[in-house]
Amino acid sequence: MEYAEFLDWLWRLGDEPCEVVDLSEVKVSYRPEHGPPRPPRLAMSLGILHPDKICSDKLWDLAEPLQMAERRRYLDLWQKLCSENAPLRVIDGDTLVSAPISFFDSVLMSCVTDDWRKVARVVGLAMASQMDDWIIQTGDMVLAARINALAENGSLEIRGKSALEMQHNDVRLPRGNLGTDSSPLNART
């Protein structure tokens, strides 16, 4: 999300000069309150760094003028993404790419079983399976909304009103007509 926001900001900035802080190779370490020290890890995102950490590591000292070739590369990528106008943008390797709304459906389906499972668990498993080096590809509400869509098309069953109420509702693979359950629930019942 931050990367897309940066690209949009740069596009809106026009030809104005700017400096950027590239965190892609910056490692930060935290002193734990309790327990042994943790090894440094990639900063990955300004949004997940505590403001005190930004200050103590003086990350603003890493600011460098954005060179024209790099700026052009960023602007070309943003123009391409905007012209594709896809519902999602995800990281593929080291670049941002357009993706269909169903991009995470197969991951969600792999986290659902024949037995009822809390939607929160399914969403958490899906998010964890997609996490690589602390890059979070999507949010929990997008995944819950996709569970609703999968239930509406009959790929999943939901027990409860909506997957958006993750802690209170359950989901499973469809079983067809069951005699032992209170009632097989397709979509939202």
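Observations
- Qualifying residue in region 173-183 (condition: at pLDDT 90 or above and either surrounded by 16 or more Cβ atoms within 10 Å (Cβ to Cβ) or assigned to a loop (DSSP other than H, G, I, E, B) (or both)): yes
- Verdict on residue 24 being over 18 Å from residue 94 (Cβ atoms), touching a residue at least 12 places away in the same chain (Cβ under 8 Å) and among the hydroxyl-bearing types (Ser, Thr, Tyr): no
- Residue within region 9-21 that is modelled with pLDDT under 90, outside the structural domain of residue 137 (by TED's automatic domain parsing) and surrounded by 12 or more Cβ atoms within 10 Å (Cβ to Cβ) present: yes
- Selected residue [β-branched (Val, Ile, Thr) and farther than 23 Å from residue 94 by Cα] from 54, 48: 54
Listed here are the residues, each with its yes/no results for (1) surrounded by 15 or more Cβ atoms within 10 Å (Cβ to Cβ); (2) outside any helix (DSSP H, G or I).
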| site | (1), (2) |
| --- | --- |
| 36 | no, yes |
| 79 | no, no |
| 89 | yes, yes |
| 106 | no, no |
| 128 | no, no |
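- Filter result (among the aromatic types (Phe, Trp, Tyr) and more than 22 Å from residue 131 (Cβ to Cβ)) within region 70-106: 74, 78
- Residue 55 vs. criteria farther than 25 Å from residue 136 by Cα, more than 25 Å from the chain's Cα centre (by Cα) and not β-branched (Val, Ile, Thr): no
- In region 73-90, the residues that are touching a residue at least 60 places away in the same chain (Cβ under 8 Å) and under 26 Å from residue 155 (Cβ atoms): 89
- If you filter region 145-170 down to residues that are farther than 13 Å from residue 112 by Cβ and aliphatic (A, V, I, L, M), you find that the one that is nearest to the chain's Cα centre (by Cα) is 145.
- Hits in region 38-50 - residues which are at pLDDT 70 or above and either loosely packed, with under 11 Cβ neighbours inside 10 Å or in a loop (DSSP other than H, G, I, E, B) (or both): 38, 39, 40, 43, 45, 47, 49, 50
The values are calculated or read from the model by the stated rules, or taken from the named source; none is laboratory data. Just so you know, these numbers come straight off a predicted model, no measurement behind them. Don't worry about glycine lacking a Cβ; one is built from the backbone with ideal geometry, like all the others, and counts go over all protein chains shown.
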